[in-house]
Structure formats: C-alpha cells, structure tokens
Amino acid sequence: MTPFSDIKGLIIDMDGVLWHGSHPLPGLNDFFNTLRQQAMPFVLATNNASLTAAQYIAKLASFNIPVTEQEILTSGIATACYLAEHHPPELTPVYAIGESGLLEPLVEQGFILTGVDDIRSEVNNTGPDIVVSGLDRTLTWQKLSTATLNIRAGAYFYGTNGDTSLPTEKGITIGNGSILQALESASGQKPTIIGKPKPIMYQQAMKILGTSPEQTLAIGDRLDTDILGAVNAGIRSILVLSGISSEKDLQSVSYSPTLIMQDIREITLAIKNL
C-alpha cells in the first residue's frame with residue numbers, strides 16, 4: 001500500500017512541520033490550499049500544550065490560513081478530554097503546571113484547579129487528586145515543589161507530552177519532557193503520558209476525522225513522537241526533515257516512517273499528483 005492510497009484524512013504535526021516558532025516554513029500556504037482543493041480532511045495535532053485552539057487558529061490566520069477549532073488538537077486538549085473520561089471533573093481537584101493551552105481545556109471540562117499553596121492531604125481530604133504538567137514558560141521552583149509534594153502525597157501524575165526539546169525560531173530549546181524528568185526524579189513516580197508517541201492523540205484525531213487507521217496518514221518531524229506514535233496507532237506516516245529528526249537518526253531506532261520527505265513542499269507535490 002502506497003503512502004497516499006485510500007487516505008481519507010491527515011493528522012499533521014505543527015512545530016517543525018509547518019513552522020519554527022513564529023516563522024512559517026516555505027510552502028505553507030500552497031500546502032493548505034492544496035489540501036482544501038483536494039478536499040482532504042485534516043487535524044493539526046501537536047504535542048505542544050502551551051497554546052489554546054483559538055490561539056493556533058489566530059496564528060494560522062496571521063499566515064492567511066483559515067482553519068476551524070475542529071481541525072486543531074493539542075496535547076492539552078487531548079489530556080483534558082482523557083482525564084474527563086477517567087475522573088469525574090466536578091469531584092477531582094487538579095494541580096496543573098502549564099499555560100493557557102492546558103489550563104483552559106481543563107476548566108472547560110469542569111475540573112477544579114488548585115494553587116501553589118494547596119498540598120494534598122488524604123486525612124483532611126484536601127488538595128489535588130491529579131498533578132498534570134505541560135509546557136510552562138513561567139516555570140518556577142515553587143511550581144515544581146508543589147507538584148512534587150502532591151505526587152509524593154499520592155496524586156495521580158500525568159504529562160501532556162514527553163518531548164524533551166522544542167524547535168523554535170532561535171533553535172532547539174527545552175520541552176515539557178524535561179520538566180517531567182525533573183518531577184520524576186524528585187518524586188520517584190513516572191507520569192502517564194497522553195501525547196505522542198502514545199496512541200491516544202492519534203485515536204482522538206481519527207475520531208474527529210471519522211477515519212480508520214487504514215485510511216489515515218500522519219505527518220511529523222520527530223521519530224520519537226510523531227512517527228512512533230503513528231506506529232503505535234497502526235497508521236502510515238511521513239517523516240519530514242524540516243524539524244528535529246534526521247535520516248541518520250533512523251539508524252538508532254527499530255521502527256521507521258512509511259516515507260521520508262524533505263518538507264511540506266514535497267508533500268504538496270505528491271498530493272497534487274494523486
């Protein structure tokens with residue numbers, strides 16, 4: 001089966017695929033124009049939990065690319081949905097390290113957010129039942145300390161994603177996975193990860209698209225998240241070389257993408273030639 005045969009929907013990563021920070025990558029507008037012309041449904045699924053769907057819509061609009069809220073899925077949204085499926089929101093206080101892209105979806109699901117002074121006590125039935133961490137560019141020692149104390153006191157420990165690095169217009173910088181490693185080291189507990197490479201986000205995206213794994217193609221720039229996540233979800237994938245991973249990195253992993261392309265410009269040409 002070729003990468004594009006019988007494809008009914010695309011799951012597309014953003015950072016490193018569509019842009020680096022605030023800089024759009026070449027061919028961005030042509031890529032989306034082609035998807036619209038070909039009536040190819042897509043979900044933009046990112047492990048970055050710092051921004052809300054509305055903020056991503058605004059960012060894309062600044063590049064003259066209109067998208068709908070239904071076409072955006074962040075690990076923050078995915079995490080809030082997953083937690084709501086497994087914990088009653090109105091009865092479950094949550095301590096969250098993160099930005100609006102995580103905090104707003106949690107509130108929208110009905111969760112009660114606790115503060116940095118709230119420490120879990122099973123005796124007094126106070127404090128958070130869940131600690132969840134997403135990318136936080138205002139991270140402080142106090143936030144890490146509160147999270148650690150609550151995890152040690154028995155709170156469930158979740159992470160929106162495990163990306164240790166993040167591509168930006170200035171280069172590759174720290175990602176949420178590095179925050180999780182600090183919390184794991186301090187608490188002695190491993191987090192449950194919701195984002196890629198776990199299959200949860202891809203399964204949620206396929207539900208939005210209304211496609212089966214056989215009808216779905218993932219596009220990403222990271223072997224350890226986008227591509228491994230596609231493998232775990234049983235879907236085909238394209239690795240673009242415009243972000244984190246290189247062809248050389250394939251030598252150190254036991255899995256591989258269905259296809260490797262330089263960037264979205266090459267994908268656009270392939271779609272036009274279908």
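In table form, for the structure just shown:
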{"read-out": "Filtered residue count, segment 216-249, keeping only those that are assigned to a helix (DSSP H, G or I) and buried (at least 16 other Cβ atoms within 10 Å of the Cβ)", "value": "11"}
{"read-out": "For K196: the one exception among (1) surrounded by 22 or more Cβ atoms within 10 Å (Cβ to Cβ); (2) in a helix (DSSP H, G or I); (3) among the charged types (D, E, K, R)", "value": "(2)"}
{"read-out": "Listing of helices (runs of 4 or more DSSP H) fully contained in segment 31-110 that carry 3 or more residues being among the β-branched types (V, I, T) and more than 22 Å from E184 (Cβ to Cβ)", "value": "none"}
{"read-out": "Flag if G171 is free of Cβ contacts under 8 Å to residues at least 24 places away in the same chain and at positive phi", "value": "yes"}
{"read-out": "Within segment 47-61, tally of residues that are among the polar types (S, T, N, Q) and modelled with pLDDT of 95 or more", "value": "2"}
{"read-out": "Qualifying positions in segment 154-183 - in contact with a strand residue (DSSP E or B) (Cβ under 7 Å, 6 or more places away or on another chain), part of a loop (DSSP other than H, G, I, E, B) and small (G, A, S)", "value": "A155, G162, G175"}
{"read-out": "Answer from G220, G210, G229 - the residue that is on the phi > 0 side of the Ramachandran plot and either within 16 Å of the chain's Cα centre (by Cα) or of a type outside the set (V, I, T) (or both)", "value": "G210"}
{"read-out": "Some residue of segment 138-146 being of a type in the set (F, W, Y) and either part of a loop (DSSP other than H, G, I, E, B) or crowded, with 16+ Cβ neighbours inside 10 Å (or both)", "value": "no"}
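The values are calculated or read from the model by the stated rules, or taken from the named source; none is laboratory data. A quick note: this is a predicted structure, and the numbers were derived from the prediction, not measured. Cβ sites come from the backbone with ideal geometry, for glycine too, and all protein chains shown count toward neighbours.
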